[in-house]
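Colleague: Sharing a structure with you now.
The values are calculated or read from the model by the stated rules, or taken from the named source; none is laboratory data. The shown structure was predicted, so the numbers you read here are calculated from the model rather than taken from an experiment. Because the Cβ atoms are built from the backbone with ideal geometry, glycine has one as well, and the counts that use them run over all protein chains shown.
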Amino acid sequence: MAEAEYVPPKVWTWNKPNGGQFANINRPIAGATHEKTLPVGRHPLQLYSLGTPNGVKVTILLEELLALGHDGAEYDAWLIRISDGDQFGSGFVALNPNSKIPALLDRSGPAPIRVFESGSILLYLAEKFGAFAPREPAARAECLSWLFWQVGSAPYLGGGFGHFYAYAPARFEYAIDRFAMEVKRQLDVLDRRLAESRYIAGPEYTIADMAIFPWYGGLVKGWLYRGQAGGGTPGSQAYDAAEFLSVHEYRNVRRWADMLLERPAVRRGRRVNRLNGEPSEQLHERHDARDFDTKTQDKIAAG
Ligand SMILES: N[C@@H](CCC(=O)N[C@@H](CS)C(=O)NCC(=O)O)C(=O)O
């Protein structure tokens, strides 16, 4: 109970790193730390991202749009190494003042349009291409409700449970209990929904599925907060969140995650900007559809 003895001072000051895994990039001020322009490729859409759950949402949608034949969704995916502080470069901050991946620049029109926040990017692209977000009001409301549910809920899973279970400098039972309880409740919300509905928002596959899959699908598939050797998040070697949270209980979530994983675009989207797991599953940057066959890390290592 060491943390119960901490008495907050009247005014908090930033005088030491907190010791957590991301202590070196955490700071209490916004804005750029250094000048750095972002590279720009030849495609209409420029994505600056990393293969974390928030990044993967967008690459899944882009691959789905391309699979549907929307050539305007061709994109360059540039790697932003958040552990090196790339998100604090001036070019990135100009795209996303919040300094978090993913960020998108749409250069297809007369003036470039910046889009940040993964949920906003999903909605922007779905509207731009008229795909994966229903138009009929009731179906659209359901889709947007679940999309915003995800945006509001995932911080409990990532910033709450994941942080205290896998990344904090010590295990605090109170924090892990609180967030494990909430994440299990969220999984039950999804499980009940998916007992009555094929996809999250109804009979149609939508951006709500794409938003929720990398987080809660990833959790039931055992990809999150698990030893790095198993392809999990770097730095969480000792942990297995899937076992800890008894994810086998959420049968409908597992059914849905397996169904989505059968989609080639979902599998491609998961490989883009990815820095962990099997080298053949890591396509650090994507500038061409053929890159999936020729530029994954196993191919690059083989020369
Ligand atoms: N609400 C944001 C969250 C994005 C986010 O948390 N991105 C993380 C990686 S998954 C990040 O860039 N972290 C870098 C940092 O916090 O400095 C979204 O959905 O886009």
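Colleague: Whether any residue in the range 47-64 is basic (Lys, Arg) and modelled with pLDDT under 95 is what I want to check.
Modeller: no
Colleague: Can I ask one more? Cβ-Cβ under 7 Å, sequence separation 6+ or interchain: first residue in the range 44-57 and in contact (Cβ under 8 Å) with a residue 12 or more places away in the chain and more than 9 Å from ASP76 (Cβ to Cβ), partner within 9 Å of the ligand (Cβ to nearest atom) and part of a helix (DSSP H, G or I). Which pairs?
Modeller: Note: pairs meeting the criteria are SER49/GLY55; SER49/VAL58; LEU50/ILE82; ASN54/SER118; LYS57/SER118; LYS57/ALA211.
Colleague: Say whether the condition of being over 20 Å from the mean Cα position of the chain (by Cα) and either away from the ligand (no atom under 11 Å from the Cβ) or within 27 Å of ARG251 (Cβ to Cβ) (or both) is met by at least one residue in the range 141-162.
Modeller: Within the range 141-162, one or more residues are over 20 Å from the mean Cα position of the chain (by Cα) and either away from the ligand (no atom under 11 Å from the Cβ) or within 27 Å of ARG251 (Cβ to Cβ) (or both).
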